Amino acid sequence: MDNEIKINLEEEFSKLFNSPVKIKIKKQSIELKKKNVFISLINTYEQALEKSNKLQSEFDIDLFNYEEPYFEVIDKLFLLMCGLDLYDIISYYFYERYNIEGNINPIIEISESGVETEIYLKTPEDLYNYLIQINPNFLMDK
Amino acid sequence: MKKTPNIIFPDYSLEGIHNVLSNSENKKVLFESIFNKIKNSYKTSKKEIIVCDIIQLEASISISKVNWVKALQAALDYNVSIEDYSTCTQINKLIKDIQNG
């Protein structure tokens, strides 16, 4: 927080309450910080993919050969960070989540008793929540 | 315990902050928060109360225990100004309870 803002807030609140006040900066938990970084990472990656697809579909500009190494580097970092099982889900989220009609392909989970459950990952937060359900520590040791 | 109020400032100049804190609804919410938080904390080991959050800045405004009576006095003055004498009585009682330990 800007020091001038802090001074202004302290001055006006102290005047109103007729007593000194303290400005406390809230600390985000490490877990929440990591969640926010993860979600931002997924959002940025998705936006990059969308831009690339748009260039190809609307302007017929194919940058695949140019961009592929960058996406490959990020994919491999995801693989190193999360392990193969979670990487497969992240990869599904980026590349297989939508079908040709633009609808979401659900993940099908089959329980031990054979009951099928459809999981729809609509947002990066859904993805994070699903991954954390599979491995609660998937970001914590990094 | 009541939820900590969030105060929104359109800008953080002295004048901007002053305008928001002069708003009668905000004053009411802030002094209510002071009264309720101190009432719920003075018998505990808490050393401060959080009066309000400023979520835009991820910050909070707190008052240390040594200043609780002063803050309650300000809350009392405010309630006198709006002629809420029922709340005045409760604040007066709380001040006395704190002073009597």
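Which of the following residues is among the charged types (D, E, K, R), within 30 Å of B:Phe9 (Cα to Cα) and out of contact with any strand residue (DSSP E or B) (no Cβ under 6 Å at 6 or more places or on another chain): A:Lys26, A:Lys22, A:Lys51?
Answer to the selection: A:Lys26.
Out of the residues in the stretch A:99-123 that are in contact with a Pro (Cβ under 9 Å, 6 or more places away or on another chain) and closer than 23 Å to A:Val37 by Cα, which is surrounded by the most Cβ atoms within 10 Å (Cβ to Cβ)?
A:Leu121
Out of the residues in the stretch B:47-65 meeting the condition of being surrounded by 15 or more Cβ atoms within 10 Å (Cβ to Cβ) and more than 9 Å from chain A (Cβ to nearest Cβ), tell me which one is farthest from A:Glu12 (Cα to Cα).
Taking the candidates together, the pick is B:Lys65.
Here is a check on your reading of the model: is B:Tyr78 crowded, with 16+ Cβ neighbours inside 10 Å, out of contact with any Gly (no Cβ under 9 Å at 6 or more places or on another chain), more than 13 Å from chain A (Cβ to nearest Cβ) and not hydrophobic (A, V, I, L, M, F, W, C)?
no
Would you be able to tell me the number of residues in the stretch A:34-52 that are surrounded by 14 or more Cβ atoms within 10 Å (Cβ to Cβ) and touching a residue at least 60 places away in the same chain (Cβ under 8 Å)?
Qualifying residue count, the stretch A:34-52: 6.
Inspect the stretch A:19-33 for any residue being part of a helix (DSSP H, G or I), surrounded by fewer than 14 Cβ atoms within 10 Å (Cβ to Cβ), away from chain B (no Cβ under 12 Å) and under 31 Å from the mean Cα position of the chain (by Cα) and give the result as yes or no.
Within the stretch A:19-33, one or more residues are part of a helix (DSSP H, G or I), surrounded by fewer than 14 Cβ atoms within 10 Å (Cβ to Cβ), away from chain B (no Cβ under 12 Å) and under 31 Å from the mean Cα position of the chain (by Cα).
Matching residues to (1) free of Cβ contacts under 8 Å to residues at least 60 places away in the same chain; (2) surrounded by fewer than 13 Cβ atoms within 10 Å (Cβ to Cβ); (3) more than 20 Å from A:Gln47 (Cα to Cα); (4) polar (S, T, N, Q):
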{"site": "A:Asn65", "(1), (2), (3), (4)": "yes, yes, no, yes"}
{"site": "A:Glu72", "(1), (2), (3), (4)": "yes, yes, no, no"}
{"site": "A:Lys76", "(1), (2), (3), (4)": "yes, yes, no, no"}
{"site": "A:Cys82", "(1), (2), (3), (4)": "yes, no, yes, no"}
{"site": "A:Ile89", "(1), (2), (3), (4)": "yes, no, no, no"}
{"site": "A:Tyr92", "(1), (2), (3), (4)": "yes, no, no, no"}
{"site": "A:Glu125", "(1), (2), (3), (4)": "no, no, no, no"}
{"site": "A:Asn135", "(1), (2), (3), (4)": "yes, no, yes, yes"}
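Does B:Asn79 count as at pLDDT 95 or above and in contact with a Cys (Cβ under 9 Å, 6 or more places away or on another chain)?
Considered against the rule, which asks whether it is at pLDDT 95 or above and in contact with a Cys (Cβ under 9 Å, 6 or more places away or on another chain), B:Asn79 comes out as yes.
Of these, B:Thr89, B:Thr44, which one is closer than 30 Å to A:Leu32 by Cα, without any contact (Cβ under 8 Å) to a residue 12 or more places away in the chain and β-branched (Val, Ile, Thr)?
Residue meeting the stated conditions: B:Thr44.
The values are calculated or read from the model by the stated rules, or taken from the named source; none is laboratory data. For clarity, every value in this text was computed on a predicted model and none was experimentally measured. Here the Cβ is made from the backbone with ideal geometry for all residues, glycine too, and neighbour counts use every protein chain on show.
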